[in-house]
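Student: Below is the structure I would like to discuss, written out as structure tokens.
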Ligand code: CMC
């Protein structure tokens, strides 16, 4: 058998005239291969400058595939629309974490383990009681997820697969409980404990909304489940990169996940669904849309059409398509959200506007999800929390992949130093 021809990138350094051959593998050159490119023996060597990692692969992953130009999203090879239609969130979480869809026996064990880890230590309630009545639930989630590391100190043994698995069960199981408790705290309502006979999504709705003889509506339960599936993973996004970066120090997964929730909190990431709703409410009526879009276009990037645009998708976000269809089913139960008309008109006008077309700005996952959440009676503050519940399985899968990846080390980017050269300390009384 003849050896495969190896692919190289030939680079000529115009400073020295030297030619280098950099191997290409999986469509990448290794950034470290650039370091041999020097002008002198004591030169540090060439680096790449890539703020926001626009063109840097930080890992090799087998979990999620996105083709942003074609609007494709697959978990472990399965298209997102098939999973959303035919699967359930817990099954998808198993798939993301284990690489294959579970058979019935595997699923039963998995679902049973998660169901039996939904309870949180009673001390967590005391911790929550310390927050102000109007504390943002994402802030509460960051803190309480981080605090879980103090309840499970063995979690620091991140290289032990059995211990790791236990924390995976706990984090997926407990995040809905923490989320629901945060909401009940903000309402001054007593906390509702998890019910093991309910589904993952059903149990969450129960813990959120149970007052009197509340019964989970099966259509809303299904919608919640689909929304968790749609948010489960999205490869190396901001919060997942945070999870990997924090986890790369070999800290326990609760501390890493707390950081990931913090990253998700921002309005450019998971906080966008909250921002969309506030934006639609502020626009208020269809006739105000042209004036709002004019403001967006003339603001030089300061005012954004929230829920539009994506670093990776330069086409319709496939999740937004599914959510738009789901909205109709939810509104059959809850009644139509009046902001939907503004959203639909906004999308129509934006998608025929030169500004948005030229920049390939399309609705993303957050454009319609908030409308469903609002119709289901979630307060706006809770929207990013709902995103975090679904994303926990993805964070953990990516963290696990990172821990097992022999190529990975502690995350530590380089910088281009542009500050002062060495100077001599000036005492306070001699300073200008
Ligand atoms: N409204 C108006 N203009 C926009 C928008 C928008 N939503 N998004 C991008 N642009 C413009 C931007 O000003 C820039 O214009 P110019 O070329 O004239 O300077 C151009 O489009 C390219 O944008 P960019 O800022 O280079 O794109 P990015 O990849 O850095 O940002 C983004 C991606 C998602 C942060 C951005 O599109 C955005 O802020 N969108 C609104 C917030 C949002 O909906 N976020 C949810 C993302 S999906 C869920 C998730 O992953 O959390």
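The values are calculated or read from the model by the stated rules, or taken from the named source; none is laboratory data. It should be emphasised that the depicted structure is a prediction, and the values quoted were computed from it without experimental measurement. Here Cβ is always computed from backbone atoms with ideal geometry, including for glycine, and neighbour counts include all displayed protein chains.
Student: Only residues in segment 230-244 that are under 15 Å from residue 312 (Cβ atoms) count as the first member; pair them with residues that are part of a loop (DSSP other than H, G, I, E, B) and within 10 Å of the ligand (Cβ to nearest atom), Cβ under 6 angstrom, at least 6 apart or cross-chain, and list the lot.
Tutor: 238/269
Student: Name the single residue that is nearest to the chain's Cα centre (by Cα) among those in segment 312-335 being within 15 Å of the ligand (Cβ to nearest atom) and either without any contact (Cβ under 8 Å) to a residue 12 or more places away in the chain or surrounded by fewer than 20 Cβ atoms within 10 Å (Cβ to Cβ) (or both).
Tutor: Per the criteria, the residue is 312.
Student: Moving on. Looking only at segment 228-256, filter to residues that are assigned to a helix (DSSP H, G or I) and within 13 Å of the ligand (Cβ to nearest atom); which one of those is farthest from residue 153 (Cα to Cα)?
Tutor: Looking at the filtered set, the residue picked out is 230.
Student: Scanning for something in contact with a helix residue (DSSP H, G or I) (Cβ under 7 Å, 6 or more places away or on another chain) and within 28 Å of residue 321 (Cβ to Cβ), does segment 244-259 turn up at least one residue?
Tutor: No, there is no match, as no residue in segment 244-259 is in contact with a helix residue (DSSP H, G or I) (Cβ under 7 Å, 6 or more places away or on another chain) and within 28 Å of residue 321 (Cβ to Cβ).
Student: While we're here: Output the residue which, of all residues in segment 282-291 that are touching a residue at least 40 places away in the same chain (Cβ under 8 Å) and within 16 Å of the ligand (Cβ to nearest atom), is nearest to residue 384 (Cα to Cα).
Tutor: The selected residue is 283.
Student: How do the pairs read when you match residues in segment 104-124 that are free of Cβ contacts under 8 Å to residues at least 24 places away in the same chain and assigned by TED's automatic domain parsing to the domain that holds residue 147 with residues anywhere that are surrounded by 15 or more Cβ atoms within 10 Å (Cβ to Cβ) and part of a loop (DSSP other than H, G, I, E, B), using Cβ under 7 Å and keeping only pairs 6 or more apart or on different chains?
Tutor: Cβ pairs passing all conditions: 110/102.
Student: Taking the stated definitions as given, is residue 263 closer than 28 Å to residue 69 by Cβ, touching a residue at least 60 places away in the same chain (Cβ under 8 Å) and within 10 Å of the ligand (Cβ to nearest atom)?
Tutor: Answer is no for this residue.
Student: While we're here: Among what's in segment 296-310 and is near the ligand (Cβ under 10 Å from one of its atoms) and assigned to a helix (DSSP H, G or I), pick the residue that is surrounded by the fewest Cβ atoms within 10 Å (Cβ to Cβ).
Tutor: 297
Student: On the given criteria, is residue 207 within 24 Å of residue 73 (Cα to Cα) and more than 16 Å from the ligand (Cβ to nearest atom)?
Tutor: For residue 207, the condition - within 24 Å of residue 73 (Cα to Cα) and more than 16 Å from the ligand (Cβ to nearest atom) - is not met.
Student: Further question on the same structure: Run residue 6 past the list (1) in contact with a strand residue (DSSP E or B) (Cβ under 8 Å, 6 or more places away or on another chain); (2) surrounded by 11 or more Cβ atoms within 10 Å (Cβ to Cβ) and report the number of the one that doesn't hold.
Tutor: The failed condition is (2).
Student: Name the residues in segment 266-281 that are in a helix (DSSP H, G or I), within 9 Å of the ligand (Cβ to nearest atom) and in contact with a helix residue (DSSP H, G or I) (Cβ under 6 Å, 6 or more places away or on another chain), would you?
Tutor: 272, 273, 276
Student: Determine which member of the set 365, 380, 416, 426 is touching a helix residue (DSSP H, G or I) at 6+ places or on another chain (Cβ under 7 Å) and not assigned by TED's automatic domain parsing to the domain that holds residue 294.
Tutor: Result: 380 is the single residue among 365, 380, 416, 426 that is touching a helix residue (DSSP H, G or I) at 6+ places or on another chain (Cβ under 7 Å) and not assigned by TED's automatic domain parsing to the domain that holds residue 294.
Student: Evaluate the following for residue 160: is it at pLDDT 95 or above and touching a strand residue (DSSP E or B) at 6+ places or on another chain (Cβ under 6 Å)?
Tutor: no
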